[in-house]
Each structure stands twice: as C-alpha cells, then as structure tokens.
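Below is one structure, written out as structure tokens; comments come after it.
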C-alpha cells in the first residue's frame, strides 16, 4: 500500500506566459490539483488505518469500498494533472521525434490522421483524452476518459494528457463546444513535445524492462497473441 | 492504434480439476472471455475504419465516444480474464516468493494483514479485485473494480486478479454474500503463486526499464515526491 | 429525508413454482434484496445522523458523498427487486390490457416490435431493463440500466422490470449470453400482466394528478414542448 | 417510445439581470442546453429507426446499448436544465410556502438544517444536486448527481435543481471549491421559490393521483412498508 504523502509542485508551466491559457485559469487549476494530492493522502491514511480483521467489506455500501473507489478519483486526479502540467510550457507545433514516428507507423493515415482523430476525441470526451502506450503490445491509443477515473485502463502509460474538463477552458474560451475546440488548439500551441517524447521513451523502456524480467507469461511464450 | 486481432486461448486451468470451481463454471466463463476478445476486435476495426476528417466528436452522444468507451470494457474484459485464468490451476496455499516479501514490506501488519484486507476487498467490490503494482512508486495495492472497466488506473500492472462478478461463483456457491466468500476461498486454493510472482517480476522489470530509459520526468529529478 | 425503515417482504412469487426459475435462485435472490433493504436503512441512518453544520462536503472524497451516492445503489436495489418480485408468479403469455394498448400506440411496428426490442435490450444491458412511463410526456421506453443505479432517470415510473444481473440466471441457465436469453423467455412465461397493468394505471394516475395540481410549470403553459 | 422533438426555450431568466451570474455564463449555458435537446432528438430518431428484428443486442458493445445509455445523458441534460433555468430569475431569500413547510417536517433540525445540508451537498457533488420528491413515500431528499445522468433515481420528481458542473460557475467565480461556494450562494439569491413550490405541488399531485388510480400494488395494501 502506498504510504508516501503526495504534494503538488509548481511545474515550470506556472512561471511562463502560455499562449491563450490565462494565469488565472492556471492558478485555479493548481488549486484543484492540490486538492487531489490532499485527498489522495487522506484516502491512503484511511486505508492504512483500517483494522482489516474487523472492518466490513460490503459491495452495496461500506467505508472500505467508498474510500477504495474514490481513492482512484483522487489519485488519477493527481496523476492526470502531473502529466498535463508537465508537458505544458513548450513551443507547440507539430509532433516531433519518436512520438511522431510511432504515430506515423501506428495510425492508418499516419500522423496527419492521428492529428484529426485526437481532436475529435477531445470533443467526444467528458473529462480527459489520454494518449497512452500499451505495455502488452506496444500500441498507442487515444483513450477517452469521462472523469478523473472513468475509463482508465491498466498496463498503460500515458504520454500525452489533454484536460477537457470545463475548468480547463471555461474562463478563457467559454464553456461551449466551440470554446473547447479553441482551447484544444491553444493546448497544442503550448505543448512541449520533448517532454512527451521523454515520457514515451520511459513507456518503451518499461515494456523492454518487462520483457527482460525473466520468463514471459505463458501466453506470450506461445506467441498466440 | 492496436490492429492485431485478439483471440481467446485455452489456459492450462481449463484442463485441470479445480478445487471447488466446476468445469461448467469454467466453460461458461470461457464463453464470456471469447466474447470480450470478439468485441475488442470489432471495436478496433470500427475505430480503425472511422474517417477522422469527417466523423463527429460529441461528448453527449457520438459513435466515436460510444466505441471508444465500451472498447475499454471489452479490452479489460479480455485482459482481466487472461490474468485470472492464467494464475488458476496452481496449488494454492500461502503466498510465496517476491509477492510474499513485498506484501510483508508494504502492508502495515504485513502479509497476514494483506490476507485479511484482500478478502474484505472481494466482498466490497462489484466486479474485480486487482492487486496492482504501481509503476510510479513501486507500491502495491488492492484495487476495487465495479465492472470490467470501472475504477481501473493506469501506470499499474496487475499481478493478481480475482473475478467477483456473479458469473464466477453463482453456479457453484450461490449468488449471495456467503456464496461469494466461499468462492474466494476456493480461488485461493487454486491460485498459482509462481505465476503471480512471474507477473510481479515483470512489473518490477517494467519499473526498472522506465527508470533506465534516459531522463526522468522533471518531477522525479527534483525528488519532490 | 426518508426516515422509515424498509423491510423485505415475501412476495407471492416465493410461494409458487415458477416455470424455469428455480426455488434456489429465488431464495438466493431474496437474500440480495434483504441486503439492499438493510443497507438502505443504514445509509438513511448515517445521512440522518450527520451534523450538517460540521460535516465536510467534498466532491473528491467525503463521507457525505460516499453515503449519498451508494444510498442510491441500495435504494434502487430495493425498489428494482420490489417491482421484479411483484410481477413474477403470473401466467405469462402476451401482454394484455392497457400495457398492450399503449405499446401498440407508442411503438412503430406496435406491440410485436416492442416485444423484439425489449428482448434485444435485455441482451444489451448489464443490470436491468426497465420499461418506464415518463411523467412529462406519457411516453413509455425500454431503459437499459447497467447496475442497480446506473442510467436510471427521474420523472419515470417503472411498470416492468427485468433483472439481467447474472444472479438472476447463472444457476438455472448458465452465465452466458445464451443462458440469459433462455432466462428472459422464462421471465416472460412467469410475468403477471395484471400486476404490470396496475402499475401502469398508477403511473398514468400520477401524470393526471400532476396535471390537476394547479398551475402548470411555465414551459407547459407556453405549449412549447 | 417518445417521438416528439424537444426544443430549447428561452426561459424568463435569460431576460433578467441575475445577481452574480453573468449574461455570458447564461448564454454559454444555453448552448449546452440546446445541445442536449438536439442530441435527445437524434438518439430518439436512432432508437426509432432501428430494425429490432435484426439489430444486435450485446452488453459489451452494441449500437443499441450505446444509444440507449447516452440517450439518458442527453435527456437528463435537457430535463436538468429545464428545471434549473425554470426556477432562476426569482427574488431568492429563504424558502417559503409548502417547500419550507415540508422541509421543516422532514428534516431533523428542520429547514435550517436542510439549508446547511444542501450546501454541503453542492460541494460534494460532481454534477448536480437534485432536491427530489419521492413518489413512493412522499419523502424529500438531496440527491447528489455526478454528471447529467449518474445516480439519478426513478419514482422521483425534482423540485429544486442546482447545477454544479464547472460550466455553471467557472467564468464568474473561478473553477475552485471556493468559487463554487460563492456561486451556490448566488444561485440562492436568484431562485424563484414560487416556481419551486409549483413543482412541489405537482409532485404531491402526482403521488395523490397514483394513490387514486385504483388498486394499490400488493405491498402497499399489506401496509408492510
């Protein structure tokens, strides 16, 4: 069980002038991120303090299930924003490096098609779009998330995270479908593709590390996938 | 985007006599797992065939969001069952090896406390309990999932997966809270701890692989976590 | 706030021989329904005992939100099963009376089309199919629910409730897609259409009662709908 | 099945100067409400056009389930906002009339306690707080909803609806926990309690209408509740 306390940090993006995303939005956004850290820590403490010999486990309602479920909302609220703030503050423009290369390989229609697909995904999500690297097969995919924790998947490492909660754009662009589209373009003007590529390298490193960790699971040995 | 077709495979557990889990339950269960593979492939095909220049992205309702969201239900339905069937068919008993060691380190009260905690979690979940390894901090946690895809998290590699959907136990033990408890004990009599340990080694290998993949993300450099 | 304690009752269906649905399934099912009553009462007590001047309201995690959210799971778990058990134990066959009449009017293709549509809905839901009467416009609709409380709507009175959780059919028919289909046919062999029609009369009575209750809301006055 | 097309209307609140809620927020909000009407109509058309003899019903993914599920998001998105806009534009202040009377009876601690409880609920919800009247027992309750359709219940008529999506307050007060609290106070300065009371009268009328509609369901006859 994770014991360490998380704390929000001031990513470099908070000290920069972003193109189209205001300081006020960033400061309000920071408060939400601080709230996720605080609640993650509170949930961890509760989960740590339970007396598991005595506590009720009940799938309709029980403190154990309540804390366990919303712990994932808090934790992903924290992790989502770490990824988001981490790759803001860059020069934007077209994807570069390994990310561009992988998209060109992976997507039918290549990078240009991905570029359209991810924008459509940002209009179709209610919370986040996560471009995630799959540790099982090395594929990359635009995941739609409807809240901090709805429709995440495991064995996945996010390399690009676009917050489309209304808090990310309502003040600067208006809480409408058009406002969101303008915000997404602003996001892409400020993204740091080098940071994205570092995350992708880590994801690929994770997959290689797993492969070298001794015996593969039976399925992969059989080459059946 | 992942193009490859998934297919259900006959894990060794299907050829064994399990203690308390009937052949009939396993065969019905296999059909569900086949269904997830089939639907994952169908969703991938749809997502691949969309014309992203033309398709509507809409967060209230759109084909793109519908397929993207339930794709994760299908995909995790497949992956969950691969993990589950993969570690059935063993000799059960107490956890051994690295898994036992990590639990002893991680849990207040050690392995004995985890053993109680995971059982309470199986009563508190509506779908699955996933014992997952966190790629960020190397912690291990009993995640509660309410369906194939509700409350999954990313940057997590599952090492132990207990299906508590009613299909896993209703026929053999009755679809009641007590029936579920009896089934969970049966699960633990049949788990293959060596397989669990192989998965944990892969998870730890993934974390090491990520760490060696060059520059760490800025946050980790700052040692702020 | 609702203070009264709910209690499970032995509906007449529990004393009958149902066609295809076993006594054992019904008894296991009764235990789940009892559990929902018990948890509804517990949640009500907690909600009643909170000190609202002091309690934390927090949307990430707070006891208030946890109890409030899963209260609806418990309450609808109770109400869903009251409707379900209430209309079991009948002679089945084709819909009759006002229900048949309304379906004939409401559905393109009439009752025969509804009969196909509701069966497809039972294969497409993860928890329940609710045939519900809308208090706003008097329409009737096959609602899909994915759990006891996912995708319910308000201003709706259910007149027919088909439980498609696996607990309703796994023991008797197997937890597969085909098993579910066989169960749904069994459900229709045991439904009491007179009971369904009583519920529909109450729903229509509710709509008329609302209309007679004095001033209409502004929108309806304007006839804009 | 409901065939009629819904259309957004300009409620009186759009022509008034609200205290603290800006015209710009109201206009952006109107666009969202229009979007829900449009998508409700689109989903109804799709559901009407399906060939139910041929269409696949599948609980993992199928067009039928996708449209049916997100139809409730669209429909409640529409209905929620009709209630919300409908009771904006009033003089605010303390609750009056039947609503005040019922709260005084229903809540331990009376209206003053409800007033604190509903404010805490607005901080604990991720989407809406619905003060709803229960058609079964005449109770009134602060329901928490996490999106347009998450955790709605049936047999419930809403009498007061507070939108706490970020679109309701981010522009005027900032998308923070404090901003939300300021907005909720602004909401209460603008609520029309007469409108709320009309809705409550309709809800009570609906309950009476159901009671007069002939035979009660068996349970209520037995007085077992």
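A compact table of results
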read-out	value
Residue check, residue A:52 crowded, with 21+ Cβ neighbours inside 10 Å, free of Cβ contacts under 8 Å to residues at least 40 places away in the same chain and part of a helix (DSSP H, G or I)	no
Search result, residues across segment B:166-191 that are more than 15 Å from the chain's Cα centre (by Cα) and not in a helix (DSSP H, G or I)	B:169, B:174, B:175, B:176
Segment A:135-149: number of residues that are more than 26 Å from residue A:181 (Cβ to Cβ) and at pLDDT below 95	4
Qualifying residue in segment C:49-69 (condition: under 18 Å from residue D:141 (Cα atoms) and within 19 Å of the chain's Cα centre (by Cα))	yes
Lone unmet requirement of (1) at the interface with chain A (Cβ under 10 Å from one of its Cβ atoms); (2) in contact (Cβ under 8 Å) with a residue 40 or more places away in the chain; (3) in contact with a helix residue (DSSP H, G or I) (Cβ under 6 Å, 6 or more places away or on another chain) for residue B:65	(2)
Residue selected from segment A:19-41 under the condition in contact (Cβ under 8 Å) with a residue 12 or more places away in the chain and more than 20 Å from the chain's Cα centre (by Cα), by the criterion farthest from residue A:169 (Cα to Cα)	A:19
Enumeration of residues in segment D:78-108 that are modelled with pLDDT under 95, part of a helix (DSSP H, G or I) and facing chain C (nearest Cβ under 9 Å)	D:106
Enumeration of residues in segment D:1-21 that are touching a strand residue (DSSP E or B) at 6+ places or on another chain (Cβ under 8 Å) and not in a loop (DSSP other than H, G, I, E, B)	D:13
Test: residue in segment D:22-29 that is within 15 Å of residue D:148 (Cβ to Cβ), touching a strand residue (DSSP E or B) at 6+ places or on another chain (Cβ under 6 Å) and modelled with pLDDT of 95 or more	no
Qualifying position, being surrounded by 24 or more Cβ atoms within 10 Å (Cβ to Cβ), more than 11 Å from chain C (Cβ to nearest Cβ) and modelled with pLDDT of 95 or more, among D:152, D:121, D:186, D:175	D:175
Condition check for residue D:117: closer than 18 Å to residue C:71 by Cβ and touching a helix residue (DSSP H, G or I) at 6+ places or on another chain (Cβ under 7 Å)	no
Every residue from segment B:10-46 that is surrounded by fewer than 19 Cβ atoms within 10 Å (Cβ to Cβ) and closer than 22 Å to residue A:115 by Cβ	B:45, B:46
Residue B:59 more than 7 Å from every other protein chain (Cβ to nearest Cβ), part of a loop (DSSP other than H, G, I, E, B) and more than 30 Å from residue C:170 (Cα to Cα)	no
Qualifying positions in segment B:188-207 - farther than 17 Å from residue A:133 by Cα and without any contact (Cβ under 8 Å) to a residue 60 or more places away in the chain	B:198
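Let's see how each residue does on (1) touching a strand residue (DSSP E or B) at 6+ places or on another chain (Cβ under 9 Å); (2) crowded, with 24+ Cβ neighbours inside 10 Å:
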residue	(1), (2)
A:92	yes, no
A:107	yes, no
A:111	no, no
A:135	yes, yes
A:142	yes, yes
A:179	no, no
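Here is a yes/no grid of residues against (1) closer than 22 Å to residue A:128 by Cα; (2) within 13 Å of the chain's Cα centre (by Cα):
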site	(1), (2)
B:131	no, yes
B:134	yes, no
B:141	no, yes
B:145	yes, yes
B:151	yes, yes
B:154	yes, yes
B:163	no, yes
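To keep it simple, each residue is scored yes or no on (1) in contact with a helix residue (DSSP H, G or I) (Cβ under 7 Å, 6 or more places away or on another chain); (2) within 8 Å of chain C (Cβ to nearest Cβ).
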position: D:7; (1), (2): yes, yes
position: D:15; (1), (2): no, no
position: D:26; (1), (2): yes, no
position: D:38; (1), (2): no, no
position: D:48; (1), (2): no, yes
position: D:52; (1), (2): yes, yes
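The values are calculated or read from the model by the stated rules, or taken from the named source; none is laboratory data. Here the structure is a predicted model, which means the values were calculated and not measured. All Cβ positions, glycine included, derive from the backbone under ideal geometry; neighbour counts span all protein chains shown.
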